[in-house]
1. Relative contact order (percent) for the chain, with alpha-carbon contacts under 8 angstrom and 6 or more residues of separation?
2. Could you tell me the distance between the Cα centroids of the stretch 50-82 and the stretch 207-258, to the nearest Å?
3. Distance in nm between label sites at Asp217 and Asp12, each 7 Å beyond Cα in the beta-carbon direction?
4. Which lysines, on any chain, are close to Lys71 with Cα under 28 Å apart, when same-chain ones fewer than 8 places away are left out?
5. In degrees from 0 to 90, rounded to the nearest 10, what is the angle of the helix 238-248 Cα long axis to the longest principal axis of the chain?
6. When the helix-only estimate is applied to the chain (DSSP H runs of n ≥ 4, each -39,500 (n - 2.57), divided by the residue count), what is the mean residue ellipticity at 222 nm, nearest 500 deg cm²/dmol?
7. Just to be sure I understand: of the beta bridges DSSP finds with both ends in the stretch 1-147, what percent are antiparallel, rounded to 5?
8. Kindly write out, for the stretch 89-100 in residue order, the coupling ³J(HN,Hα) from the Karplus curve 6.51 cos²θ - 1.76 cosθ + 1.60 (θ = phi - 60°), rounded to whole Hz, with x marking Gly and Pro.
Amino acid sequence: MAYTNVLVEKRDHIGIITLNRPQAMNTFNVPFARELNDALWEMERDPEVRVVVIAANGKHFSTGIALDEFKNKTPKEYREFIRLMDEHNHTIARMKKPVIASVKGYALANGAGLSFACDLTVAAEDARFGTTAINVGLICLGPAVPLVRNVGRKKALEMVLTGQMISAAEAQRLGLVNRVVPPEQLEEATLELAHQLAEKSPQALQIGKAGIYAMQDVPYHQALDMLSDMFAALCCTEDAEEGVRAFLEKRKPVWRGR
């Protein structure tokens with residue numbers, strides 16, 4: 001599929017989606033949101049892709065929804081519009097493959113939400129994160145959903161209600177970022193993490209992600225039983241048998257994704 005607002009490529013089982021509205025700080029509008037979601041599902045369906053990276057052209061990851069979109073809409077049109085702006089939060093959580101955000105510059109409002117929704121995030125040292133919509137009379141409720149699951153209610157309320165930005169180091173301390181690197185090493189560090197995952201069993205990666213997401217709203221003992229069942233199912237796959245055999249035979253495993 002041809003895209004304009006995002007770019008897609010594949011490298012060694014890694015699917016890379018690059019946000020491509022640098023002249024507008026990669027802000028969300030209708031075409032941008034649709035293409036981002038279409039690209040994510042394209043990567044999910046591609047059997048050659050094991051890990052997905054979301055990067056950005058220009059100086060900034062994304063500064064949220066384009067403000068000129070907030071005019072001349074009926075209540076029904078606003079509901080449909082906001083659902084589309086938030087769709088990536090659903091999409092990434094529903095994908096079986098891990099998704100890594102590679103963040104530089106500003107990740108604000110819906111752009112911050114995109115980073116929070118990704119399974120892992122690598123950030124440049126000078127990156128800044130913020131749920132800043134409150135500063136223009138709006139509020140970051142879509143981004144608050146993945147945010148609160150990462151940092152808890154009190155910190156999420158502070159970030160959403162004040163709109164203050166935080167550094168990459170603070171975002172890492174809060175659990176919103178996995179790795180912080182010098183800006184010139186961002187791409188290399190992101191791909192290093194992506195390659196690390198891509199070398200694992202695709203089946204194990206997918207069951208691991210699904211299990212972590214599924215247990216979030218499940219009572220403790222029920223979660224243990226559910227994840228035990230998922231692990232037992234994984235043990236019956238060809239990849240699991242190959243991984244154990246390769247370890248015992250002291251060789252590198254050959255994953256077949258089944």
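1. 15 percent
2. That distance is 35 Å.
3. 3.9 nm
4. Filter leaves Lys59.
5. Roughly 60 degrees, rounded to the nearest 10.
6. Using -39500 (n - 2.57) per qualifying helix, the result is -14000 deg cm²/dmol.
7. Taking every DSSP beta bridge with both residues in the stretch 1-147, the antiparallel ones total about 25 percent.
8. So the J values, rounded to whole Hz, are 4, 5, 4, 5, 5, 8, 5, 7, 8, x, 10, 10.
Just so you know, all these numbers are worked out from the coordinates, no wet-lab data involved. Quick caveat, the model's predicted, so the values are computed rather than measured. Methodologically, a virtual Cβ is constructed for each residue, glycine included, from the backbone with ideal geometry; neighbour enumeration extends over all protein chains shown.
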